[in-house]
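Report on one structure; see the data block that follows.
The values are calculated or read from the model by the stated rules, or taken from the named source; none is laboratory data. Worth saying up front: this structure is predicted, and the values here are computed from it rather than measured. Neighbour counts are summed over all protein chains in view; Cβ atoms, including those assigned to glycine, are modelled from backbone coordinates with ideal geometry.
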Ligand SMILES: C[S@@+](CC[C@H](N)C(=O)[O-])C[C@H]1O[C@@H](n2cnc3c(N)ncnc32)[C@H](O)[C@@H]1O
């Protein structure tokens, strides 16, 4: 059964139609699915695509979610469901239930969050629901650097919520959820990277994901740390210096 669709523009030139795409199936089993429970969010991050977006904001109804789970039974290769997208998953009133239902189906579950709404009830709910991984988005390790990007954000609140959840998980003698950090690196926050390891230690995070910025608004274009050939002319005309990133030897196996 073909389960993944890939956008393919191979017929663009032959048909001479600019922008025409065909969807071809590729034969790789479906292993992970990303669900966006809601596009509602409680922060106004400078990086967010919502700043250049006029889509209607909405949330997934639990009936649709149950139907989706039922349909996904057709994919025995599926092992992970990630609650991930543009909105903040914890604004969805049924997020804990959604995780529990996926867990009951035997799936590994991951949630990405800004951490502000992770109160004691939600934390206990996630632990009991069997959530495997909670990824906390940071983009800054001090309140000043954090709120410069995550407008309206309160880093102390996030720190406290994660600390509480970690203590609760230990008291309940559970190993999950494992905590991870996600950090979008930009010109204005690259100086924060040396402090990330300590932040991860304090938050008992097991991994850190560093990702590049996809600029969604004109002003964010100047924040990127990579060079897109042709965007700024030739290499000598690079508008900024990309710092060397030196990584230690590491085990890349899961
Ligand atoms: C859009 S947020 C939504 C989930 C949740 N509200 C949160 O803050 O993690 C998901 C992830 O995308 C990252 N992100 C947001 N805008 C981005 C951009 N323009 N380029 C790359 N990553 C971005 C965020 O930092 C976050 O780690």
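Data overview
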{"quantity": "Filter result for residue 98 (surrounded by 18 or more Cβ atoms within 10 Å (Cβ to Cβ), in contact (Cβ under 8 Å) with a residue 12 or more places away in the chain and farther than 30 Å from residue 143 by Cα)", "calculated": "yes"}
{"quantity": "Condition check for residue 39: within 16 Å of the ligand (Cβ to nearest atom) and either in the same structural domain as residue 193 (by TED's automatic domain parsing) or closer than 30 Å to residue 224 by Cβ (or both)", "calculated": "yes"}
{"quantity": "Tally of residues being assigned to a loop (DSSP other than H, G, I, E, B), more than 6 Å from the ligand (Cβ to nearest atom) and farther than 16 Å from residue 44 by Cβ across the range 208-223", "calculated": "1"}
{"quantity": "Complete set of residues in the range 42-57 that are more than 9 Å from the ligand (Cβ to nearest atom) and touching a strand residue (DSSP E or B) at 6+ places or on another chain (Cβ under 7 Å)", "calculated": "44"}
{"quantity": "Boolean, residue 160 is without any contact (Cβ under 8 Å) to a residue 24 or more places away in the chain, out of contact with any helix residue (DSSP H, G or I) (no Cβ under 8 Å at 6 or more places or on another chain) and over 26 Å from residue 65 (Cβ atoms)", "calculated": "yes"}
{"quantity": "Residue 183 being crowded, with 20+ Cβ neighbours inside 10 Å and outside any helix (DSSP H, G or I)", "calculated": "yes"}
{"quantity": "Residue pairs meeting the criteria (Cβ under 6 Å; at least 6 apart or on separate chains; first on the phi < 0 side of the Ramachandran plot and modelled with pLDDT of 90 or more, in the range 38-52; second assigned to a strand (DSSP E or B) and within 9 Å of the ligand (Cβ to nearest atom))", "calculated": "43/150; 45/150; 47/184"}
{"quantity": "Residues satisfying the stated conditions in the range 124-139, i.e. at negative phi and in contact with a strand residue (DSSP E or B) (Cβ under 9 Å, 6 or more places away or on another chain)", "calculated": "126, 129, 131, 132, 133, 134, 135, 136, 137, 138"}
{"quantity": "Residue count, the range 194-224 (criterion: surrounded by fewer than 16 Cβ atoms within 10 Å (Cβ to Cβ) and in contact with a strand residue (DSSP E or B) (Cβ under 7 Å, 6 or more places away or on another chain))", "calculated": "7"}
{"quantity": "Failed criterion for residue 150 (all others in (1) closer than 22 Å to residue 220 by Cα; (2) surrounded by fewer than 20 Cβ atoms within 10 Å (Cβ to Cβ); (3) in contact with a strand residue (DSSP E or B) (Cβ under 8 Å, 6 or more places away or on another chain) hold)", "calculated": "(2)"}
{"quantity": "Single residue of 172, 156, 165 found to be out of contact with any strand residue (DSSP E or B) (no Cβ under 6 Å at 6 or more places or on another chain) and buried (at least 19 other Cβ atoms within 10 Å of the Cβ)", "calculated": "165"}
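A quick yes/no check of all residues on (1) over 27 Å from residue 212 (Cα atoms); (2) not in a helix (DSSP H, G or I):
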| residue | (1), (2) |
| --- | --- |
| 42 | no, yes |
| 47 | no, yes |
| 50 | no, no |
| 64 | yes, no |
